[in-house]
Amino acid sequence: MRFAILSLLFVSSISYSGSFILLLDTFVVDSKEIIVAEKPTFVVKTIRRGTDDGNLYSTSDAGILTLELQNTPAKKQGYKFEVSEGNFEDSLFTGEAVTPSKYVENGKEFSFIWFDGSSYEQEAFNIKVKIIGVSASGAESEPQFLTIKHDGIKKPWWRIW
């Protein structure tokens, strides 16, 4: 009986932990042939801000930025993202070239997750992101500069705590 109770406690505690599937893969440069990288055209698809859902073990405190690639290059390439202007509260990009993982349904969506905080209010941000295409031979494209901003979220007027 003790073993059964202990097992149930262990299994139920696992179900409380939050996690995300792998959204991006590292792009591997693997061609000796010189391949020109195409300049990317990304747009902001969605920005989801972190919130407090009352569950300490959920992932509600994560912010998710999804960018969508508008032009499909003739040959497969990866993309490097970096904040070139403005300040962001957490590290959003790794600095390495990435592609969407096999778990992402739309192969043109690039989603980045950051710790946004478990709160009912979120600060505004305004950053400029430099995006560079990287070909299979390691050649880099001209950069695209994309402004990403969010007005923040004010605490609801009725919430006094």
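A compact table of results
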{"item": "Residues (surrounded by fewer than 16 Cβ atoms within 10 Å (Cβ to Cβ) and touching an Asp or Glu at 6+ places or on another chain (Cβ under 9 Å)) located in segment 88-107", "result": "Glu89, Asp90, Gly95, Ser101, Lys102, Asn106"}
{"item": "Selection count, segment 131-161, where residues are at pLDDT 80 or above, open to solvent by 60 Å² or more (accessible area, probe 1.4 Å) and not acidic (Asp, Glu)", "result": "3"}
{"item": "Filtered residue count, segment 71-87, keeping only those that are closer than 19 Å to Leu23 by Cβ, of a type outside the set (Ser, Thr, Tyr) and open to solvent by less than 100 Å² (accessible area, probe 1.4 Å)", "result": "6"}
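The values are calculated or read from the model by the stated rules, or taken from the named source; none is laboratory data. Note that the structure is a prediction, hence the values are computed from the model and not measured. Neighbour counts are summed over all protein chains in view; Cβ atoms, including those assigned to glycine, are modelled from backbone coordinates with ideal geometry. Note: areas computed on protein heavy atoms with side chains; ligands, DNA, RNA excluded. Shrake-Rupley method; radii C 1.70, N 1.55, O 1.52, S 1.80 Å.
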